Amino acid sequence: MAMIEMKNLSKWYGSFQVLKDCSTRVDRGEVVVVCGPSGSGKSTLIKCVNALERFQQGEVIIDGISVGAPGTDLPRLRARVGMVFQHFELFPHLSIMENLTLGQIRVLGRGADEARDKGVKLLERVGLREQAEKFPGQLSGGQQQRVAIARALAMDPMCMLFDEPTSALDPEMINEVLDVMVELAQEGMTMMCVSHEMGFARKVANRVIFMDRGEIVEDALKEDFFGKPRSERAQQFLSKILHH
Amino acid sequence: MNFRWEWEVFLRDTGGGETYLHWMFSAWGWTLSVAACAWIIAILFGAVIGTLRTVPSLLLARLANAWVELFRNIPLLVQIFIWYHVIPSLYKPLQEVPSFILVVFALGFFTSARVAEQVRAGIQSLPDGQRYAGLAMGLTLPQTYRFVLLPMAFRIIVPPLTSESMNIIKNSSVAFAVSISELTLFALQAQEETSRGIEVYLAVTGLYMLTAFAVNRLMAFVEQRVRVPGTLGAAR
Ligand SMILES: Nc1ncnc2c1ncn2[C@@H]1O[C@H](COP(=O)(O)OP(=O)(O)O)[C@@H](O)[C@H]1O
Ligand SMILES: [Mg+2]
């Protein structure tokens, strides 16, 4: 059953078309990696999933609910979809623990104690129990991104979106974040990840989507994608990122 | 010519059963009251109007822009007279309102336009990702402002708000134009009555400077207190 379904999605910025008739789906428990050159529309596509970006044509359906429909309670829907950003986007004026409890308390209506307990568990899980009372600016990039993942998980999401979660990190910190993501995938979390980490894709992805100039050029099972991508553009792209 | 200081002038009776010193301090009290009340209005309205200038609704943003343009582009003294003379003659019930209140609103709204400008700039200086992150966790747009954007925006704009706070003390002197017995009006009247303009103006200048200094220190304290750990210049 589809967790995320996109049907003929098109979006324009003025007269510039960022997304061209994009259709795909992510089934429950599936991990789908989205890759493609910079500027191809990956971030825009993933932001359309939880309506952080509006789109003019097509439809996005999450767990049976149409994201773009006028009556949709977007905050409630978004609360069930975790999102992790390239630049972490932790709230700098809140402690790590407060970053983890804000949504639980204000959106889910949990009590402070319950939210804290959940926060402690998740920090433990990403190996940052000791940092609970620090502030984001006092953590390394890798640590911040792990906190960001814990913050998203604190809301008990039904699926997770990642937008290049490791591309702003120093190389030595990439693995600590990927390890958390791999673990999450292996536990059966539904994930849509914009990422160029092909090692990660090989390890846990079910499918790989390749985008170019606003189009989904390739949407293939991992084995097919790495075995022999059908389109020339995908072949070129792969040879570029795999050979350095 | 031989100048002789005559500070005893402050111990003279004003003719109303109090000394000039007494009068001066009560005038200082009016200055502080006008400034403090106007400051509260300026911060409240400035926060709201500045926020509205950054929301996705075109209508709200336009209204907020109009507010800023209106109150920023008319000279303060003219605004005071409009509040005091023009509006009450158009709307009679306002004639009953004490001039203190009118001045507080005039000065408050004038300053709110400037504060709104700072708040807008503060919000817009934050990365777009902060707004996305707030919304993505399910906060509503107002909640995203309340818990994510405004707390950081206000921290960023403490320095310009310090100078607005000092300006509001200085600008409160226009209240003399509608006969509020604040420091500037005291200075004008006392020097006339006593012919000791030098002592009177020096004392009043001293009080204005003392006030500005105190505001400056207070804001520096606030800046220190709200500083985010792990950012540039933070204590830890
Ligand atoms: N707010 C915007 N206004 C206009 N153009 C935009 C805006 N955001 C992104 N774009 C353009 O849309 C295209 C796709 O951007 P993006 O989705 O960020 O690509 P990617 O994440 O694949 O690098 C780019 O050409 C970018 O310049
Ligand atoms: Mg991107």
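Name the residues in the range B:71-129 that are among the polar types (S, T, N, Q) and either touching a Cys at 6+ places or on another chain (Cβ under 9 Å) or under 15 Å from B:Ala35 (Cα atoms) (or both), would you? Outline the logic, then answer.
At the first step, the residues of the range B:71-129 found to be among the polar types (S, T, N, Q) are B:73, B:79, B:89, B:95, B:99, B:111-112, B:118, B:124-125.
Result: B:Ser99, B:Thr111, B:Ser112.
Being among the basic types (Lys, Arg) and either at pLDDT below 95 or within 9 Å of ligand 1 (Cβ to nearest atom) (or both): is that true of A:Lys47 here? It would help to see each step written out before you state the result.
Details: among the basic types (Lys, Arg): yes; either at pLDDT below 95 or within 9 Å of ligand 1 (Cβ to nearest atom) (or both): yes.
Spelling it out, A:Lys47 is indeed among the basic types (Lys, Arg) and either at pLDDT below 95 or within 9 Å of ligand 1 (Cβ to nearest atom) (or both).
Considering each residue of the range B:179-215, count those that are surrounded by fewer than 18 Cβ atoms within 10 Å (Cβ to Cβ), more than 25 Å from B:Val119 (Cβ to Cβ) and aliphatic (A, V, I, L, M), and give that number.
So the first thing to find is which residues in the range B:179-215 are surrounded by fewer than 18 Cβ atoms within 10 Å (Cβ to Cβ), and the list is B:179, B:181, B:188-189, B:191-195, B:197-198, B:201-202, B:205-206, B:209-210, B:212-214.
Next, from what is left, pick out any that are more than 25 Å from B:Val119 (Cβ to Cβ): B:179, B:181, B:188-189, B:191-195, B:197-198, B:201-202, B:205-206, B:209-210, B:213.
Filter once more, so that each one left must be aliphatic (A, V, I, L, M): B:188, B:198, B:202, B:209-210.
Residues in the range B:179-215 being surrounded by fewer than 18 Cβ atoms within 10 Å (Cβ to Cβ), more than 25 Å from B:Val119 (Cβ to Cβ) and aliphatic (A, V, I, L, M): 5 in total.
Pull up the range A:34-56, narrow it to residues that are more than 9 Å from ligand 2 (Cβ to nearest atom) and under 15 Å from A:Glu215 (Cβ atoms), then point me to the one that is nearest to the other protein chains (Cβ to nearest Cβ).
Ranking the qualifying residues of the range A:34-56, first place goes to A:Cys48.
Between a residue in the range B:135-156 that is within 7 Å of another protein chain (Cβ to nearest Cβ) and hydroxyl-bearing (Ser, Thr, Tyr) and any residue that is open to solvent by 10 Å² or more (accessible area, probe 1.4 Å) and assigned to a helix (DSSP H, G or I), which pairs come within a Cβ distance under 8 Å, given they are 6 or more apart or on different chains?
B:Thr140/A:Pro75
Test each condition in (1) modelled with pLDDT of 95 or more; (2) touching a Phe, Trp or Tyr at 6+ places or on another chain (Cβ under 8 Å); (3) of a type in the set (A, V, I, L, M, F, W, C) for B:Ala177 and report the one that comes out false.
Condition not satisfied by B:Ala177: (1).
Of all residues in the range B:216-230, how many are away from every other protein chain (no Cβ under 12 Å) and open to solvent by less than 30 Å² (accessible area, probe 1.4 Å)?
1
Of the conditions (1) out of contact with any Ser or Thr (no Cβ under 6 Å at 6 or more places or on another chain); (2) free of Cβ contacts under 8 Å to residues at least 60 places away in the same chain, A:Pro157 satisfies every one except a single condition; which number is it?
The failed condition is (2).
Of the numbered conditions (1) more than 14 Å from chain A (Cβ to nearest Cβ); (2) in a helix (DSSP H, G or I), B:Ile180 fails exactly one; give the number of that condition.
Against the list (1) more than 14 Å from chain A (Cβ to nearest Cβ); (2) in a helix (DSSP H, G or I), B:Ile180 comes up short only on (2).
Between residues in the range A:163-188 that are away from every other protein chain (no Cβ under 14 Å) and residues that are away from ligand 2 (no atom under 16 Å from the Cβ) and open to solvent by 90 Å² or more (accessible area, probe 1.4 Å), which pairs lie under 7 Å by C-beta distance while being six or more apart or on different chains?
A:Val182/A:Lys203
So, A:Phe162, is that one away from ligand 2 (no atom under 16 Å from the Cβ) and aromatic (Phe, Trp, Tyr) or not?
Values: away from ligand 2 (no atom under 16 Å from the Cβ): no; aromatic (Phe, Trp, Tyr): yes.
When the stated conditions are applied, A:Phe162 does not pass them.
Step by step: first the residues of the range B:140-168, then only those that are part of a helix (DSSP H, G or I) and of a type in the set (Ser, Thr, Tyr), then the one that is most open to solvent (accessible area, probe 1.4 Å). Which residue is that? Before you say what the answer is, go through the steps one by one.
First pass over the range B:140-168, keeping only residues part of a helix (DSSP H, G or I): B:141-156, B:158-168.
Now drop any that are not of a type in the set (Ser, Thr, Tyr), which leaves B:144-145, B:162-163, B:165.
On the way: B:Thr144: 0, B:Tyr145: 10, B:Thr162: 19, B:Ser163: 58, B:Ser165: 7 Å².
By that ranking, first place goes to B:Ser163.
Within the range A:213-235, which residues are touching a residue at least 40 places away in the same chain (Cβ under 8 Å) and either of a type in the set (Gly, Ala, Ser) or surrounded by 21 or more Cβ atoms within 10 Å (Cβ to Cβ) (or both)?
Selection gives A:Gly214, A:Ile216.
Which ones in the range A:77-135 are open to solvent by 40 Å² or more (accessible area, probe 1.4 Å) and acidic (Asp, Glu)?
A:Glu98, A:Asp113, A:Glu114, A:Asp117, A:Glu124, A:Glu130, A:Glu133, listed by residue number.
Criterion first (modelled with pLDDT of 95 or more and either of a type outside the set (A, V, I, L, M) or open to solvent by less than 30 Å² (accessible area, probe 1.4 Å) (or both)) does B:Gly15 satisfy it? If you could, list the steps in order and put the result at the bottom.
Numbers: modelled with pLDDT of 95 or more: no; either of a type outside the set (A, V, I, L, M) or open to solvent by less than 30 Å² (accessible area, probe 1.4 Å) (or both): yes.
Taking the combined requirement at face value, the residue does not satisfy it.
Suppose we filter B:Ala175, B:Ala190 for residues that are in contact with a helix residue (DSSP H, G or I) (Cβ under 7 Å, 6 or more places away or on another chain), more than 14 Å from chain A (Cβ to nearest Cβ), of a type outside the set (S, T, N, Q) and within 12 Å of B:Thr31 (Cα to Cα); which single one remains? Even if it seems obvious, please write down each step before you answer.
Working: B:Ala190 fails: within 12 Å of B:Thr31 (Cα to Cα).
Answer to the selection: B:Ala175.
So which residues in the range B:88-118 are hydrophobic (A, V, I, L, M, F, W, C) and open to solvent by 50 Å² or more (accessible area, probe 1.4 Å), if there are any at all?
Here is the first cut: in the range B:88-118, the ones hydrophobic (A, V, I, L, M, F, W, C) are B:90, B:94, B:97, B:100-107, B:109-110, B:113, B:115-116.
Correct list: B:Leu90, B:Ile101, B:Phe105.
Working carefully through the options A:Gly188, A:Gly199, find the one that is open to solvent by 20 Å² or more (accessible area, probe 1.4 Å), more than 16 Å from ligand 1 (Cβ to nearest atom) and not in a loop (DSSP other than H, G, I, E, B).
Exactly one residue qualifies, and that residue is A:Gly199.
For the range A:74-124, name all the residues that are in contact with a strand residue (DSSP E or B) (Cβ under 6 Å, 6 or more places away or on another chain) and more than 13 Å from chain B (Cβ to nearest Cβ).
Result: no residue meets the conditions.
Listed here are the residues, each with its yes/no results for (1) within 16 Å of ligand 2 (Cβ to nearest atom); (2) touching a His at 6+ places or on another chain (Cβ under 9 Å); (3) of a type outside the set (Val, Ile, Thr); (4) within 16 Å of A:Cys193 (Cβ to Cβ).
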site: A:Lys11; (1), (2), (3), (4): yes, no, yes, no
site: A:Asp21; (1), (2), (3), (4): no, no, yes, no
site: A:Glu30; (1), (2), (3), (4): no, no, yes, yes
site: A:Val84; (1), (2), (3), (4): yes, no, no, yes
site: A:Leu90; (1), (2), (3), (4): no, no, yes, no
site: A:Gly103; (1), (2), (3), (4): no, no, yes, no
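Residue under question is B:Ile40, and the condition is that it be open to solvent by 50 Å² or more (accessible area, probe 1.4 Å) and modelled with pLDDT of 95 or more; does it hold?
Numbers: open to solvent by 50 Å² or more (accessible area, probe 1.4 Å): yes; modelled with pLDDT of 95 or more: yes.
In short, yes.
Looking at the range A:9-41 only, could you name the residues that are under 17 Å from the mean Cα position of the chain (by Cα), buried (at least 18 other Cβ atoms within 10 Å of the Cβ) and near ligand 1 (Cβ under 7 Å from one of its atoms)?
A:Gly36, A:Ser40, A:Gly41
The values are calculated or read from the model by the stated rules, or taken from the named source; none is laboratory data. Owing to the predicted nature of the structure, the values given are computational and were not obtained by experimental measurement. All Cβ positions, even for glycine, are placed from backbone atoms using ideal geometry, and neighbour counts span all protein chains on display. Please note that ligands, DNA and RNA were not included when accessible areas were found on the heavy atoms of the full protein model with its side chains. Shrake-Rupley method; radii C 1.70, N 1.55, O 1.52, S 1.80 Å.
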